[in-house]
Amino acid sequence: MIGELVVAAAAGIGAAMAYAVAAPSSQVFGPALVRGRRDDCRLALTFDDGPSESTPGLLDVLARHKAGATFFFCGANVARLPDVARRAASEGHEIGNHTYTHPRLFNLGPAAIELEISRTQQAVRETIGRTPRLFRPPYGIRWFGLYPALRKHGLTAVMWSACAYDWKRSAEAIESALRAKAAGGVIVLLHDGDKTTPGDRRLATARALDGVLPALHDRGLRCVTLSELFGMR
Ligand SMILES: [Zn+2]
């Protein structure tokens with residue numbers, strides 16, 4: 001009986017901690033942008049894990065449909081594909097920080113977390129001439145030491161309010177998820193890379209966007225950067 005109670009208590013603490021660390025809407029470790037106003041006619045597409053070989057194709061799709069977006073780049077990917085990073089910025093998209101090597105932050109101490117963030121700030125600044133103001137944690141995991149590092153670098157944490165699970169779905173499934181979840185003020189989580197692995201792995205994401213963006217436009221929805229959606233700067 002006592003054993004069961006101990007197990008239940010441990011499970012309760014585990015669930016609460018899991019929520020605090022990884023739930024998109026959790027504000028336990030610190031504040032994060034999750035969604036904008038529901039009466040807004042704009043939404044924010046966000047892409048994690050780039051730049052990669054998939055990014056140019058996605059930029060083509062965004063340009064074709066006059067859609068703005070925010071790219072959370074990994075510093076190691078920026079160092080590998082600086083021209084792609086520069087193209088995304090020069091086409092009006094916002095560039096955020098997604099750490100240097102895409103680690104699970106709960107495996108790192110505060111100094112290592114700060115280094116992941118500062119190296120990426122530097123890589124983006126040296127490559128595109130602008131310093132990120134936004135940060136998205138890899139796997140959505142927030143941890144001890146993260147928020148002091150964000151404050152030091154003037155970064156705002158960003159989570160999401162709609163996920164299309166584009167890393168594991170077909171173009172058709174991604175498109176139907178986007179049709180169902182897109183709405184005013186929503187922050188949509190998508191990917192233009194796969195952690196720091198080289199390769200063109202996001203063809204389904206590009207095809208889904210090419211299909212769904214005209215439909216969003218017809219519904220009066222416009223895709224803008226996060227800074228635009230939240231009136232920053
Ligand atoms: Zn990621």
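Among the residues of region 90-115, those identified as more than 16 Å from the chain's Cα centre (by Cα) and crowded, with 17+ Cβ neighbours inside 10 Å are Leu108, Ile113, Glu114.
Within region 132-153, which residues are part of a loop (DSSP other than H, G, I, E, B), within 25 Å of Ala88 (Cβ to Cβ) and either free of Cβ contacts under 8 Å to residues at least 60 places away in the same chain or aliphatic (A, V, I, L, M) (or both)? Of everything in region 132-153, those that are part of a loop (DSSP other than H, G, I, E, B), within 25 Å of Ala88 (Cβ to Cβ) and either free of Cβ contacts under 8 Å to residues at least 60 places away in the same chain or aliphatic (A, V, I, L, M) (or both) turn out to be Pro132, Pro137, Ile141, His153. Applying the criterion of being in contact (Cβ under 8 Å) with a residue 60 or more places away in the chain and in a loop (DSSP other than H, G, I, E, B) to the residues of region 203-232, the residue that is farthest from Thr46 (Cα to Cα) is Gly220.
Within region 172-184, being under 17 Å from the mean Cα position of the chain (by Cα) and surrounded by fewer than 19 Cβ atoms within 10 Å (Cβ to Cβ) holds for one residue alone: Lys181. Residues in region 24-35: is at least one within 13 Å of the chain's Cα centre (by Cα), modelled with pLDDT under 95 and either within 15 Å of the ligand (Cβ to nearest atom) or assigned to a loop (DSSP other than H, G, I, E, B) (or both)? Yes, that holds for at least one residue.
Among the numbered conditions (1) more than 16 Å from the ligand (Cβ to nearest atom); (2) modelled with pLDDT of 95 or more; (3) part of a loop (DSSP other than H, G, I, E, B); (4) over 20 Å from Gly68 (Cα atoms), the only one that Asp200 does not meet is (2).
State whether one or more residues within region 81-103 are away from the ligand (no atom under 16 Å from the Cβ), among the acidic types (Asp, Glu) and touching a residue at least 60 places away in the same chain (Cβ under 8 Å). The answer is yes; a qualifying residue exists. Selection of region 48-78 for residues being assigned to a strand (DSSP E or B) and more than 13 Å from the ligand (Cβ to nearest atom) yields Ala69, Thr70. Residue count for region 124-154 satisfying the condition of being within 16 Å of the ligand (Cβ to nearest atom) and of a type in the set (A, V, I, L, M, F, W, C): 6.
Considering region 44-89, the residues that are under 30 Å from Gly220 (Cα atoms) and among the hydroxyl-bearing types (Ser, Thr, Tyr) include one that is surrounded by the most Cβ atoms within 10 Å (Cβ to Cβ), namely Thr70.
The values are calculated or read from the model by the stated rules, or taken from the named source; none is laboratory data. Just so you know, these numbers come straight off a predicted model, no measurement behind them. Every residue, glycine among them, receives a Cβ derived from its backbone with ideal geometry; neighbour counts consider all protein chains shown.
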